[in-house]
Amino acid sequence: MQQVFPCPACGAQNVVGQEFCQSCGQRFQYNCPYCGAIVDATLINCPGCRESLNWPTPQRVRPFPKQPAEYQKRAEGVEEEEKAKPKKKSDPWLTGCLGLVIIVSLALGAYFILRLFH
């Protein structure tokens, strides 16, 4: 059976090892039971004393947004911002110089290959 504890902010029951409350989103702080160091909920061993932390590591799942309509509005706003940004064109000088370097490299390569066979 999984160990649970109440969220200090809202009182909802949460499984030991979770980083955030599943109800209100409050971030939890975990301490090593051996040395008292503050540890990340995803760790298996304490970085301070190297003792094993006997709690389950959380699953990497994002909770669903509380208000789907608001989430969709934010997502649509991001798409509109991306469309509004002007597309960045490449610098013509950079393209020209790169083309010139390629042409000179090919010409030198052809020169040395032809010289090798004569």
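Points to keep in mind about this one:
- Test: residue in segment 34-53 that is loosely packed, with under 12 Cβ neighbours inside 10 Å, within 24 Å of the chain's Cα centre (by Cα), at pLDDT below 75 and of a type in the set (A, V, I, L, M): no
Residues are listed down the side, and each one gets a yes or a no for (1) in a loop (DSSP other than H, G, I, E, B); (2) closer than 11 Å to Trp55 by Cα:
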residue	(1), (2)
Gly11	yes, no
Asn14	no, no
Gly17	yes, yes
Gln22	yes, no
Tyr34	yes, no
Thr42	yes, yes
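- Residue list for segment 16-33, filter: modelled with pLDDT under 85 and hydrophobic (A, V, I, L, M, F, W, C): Val16
- Test for Val101: is it modelled with pLDDT of 90 or more and surrounded by 10 or more Cβ atoms within 10 Å (Cβ to Cβ): yes
- Looking across segment 16-33 at every residue that is aromatic (Phe, Trp, Tyr) and out of contact with any Cys (no Cβ under 8 Å at 6 or more places or on another chain), the one that is surrounded by the fewest Cβ atoms within 10 Å (Cβ to Cβ) is identified as Phe20.
The values are calculated or read from the model by the stated rules, or taken from the named source; none is laboratory data. These figures come from a predicted structure and were not determined experimentally. Virtual Cβ from ideal backbone geometry, glycine too; neighbours counted across all protein chains shown.
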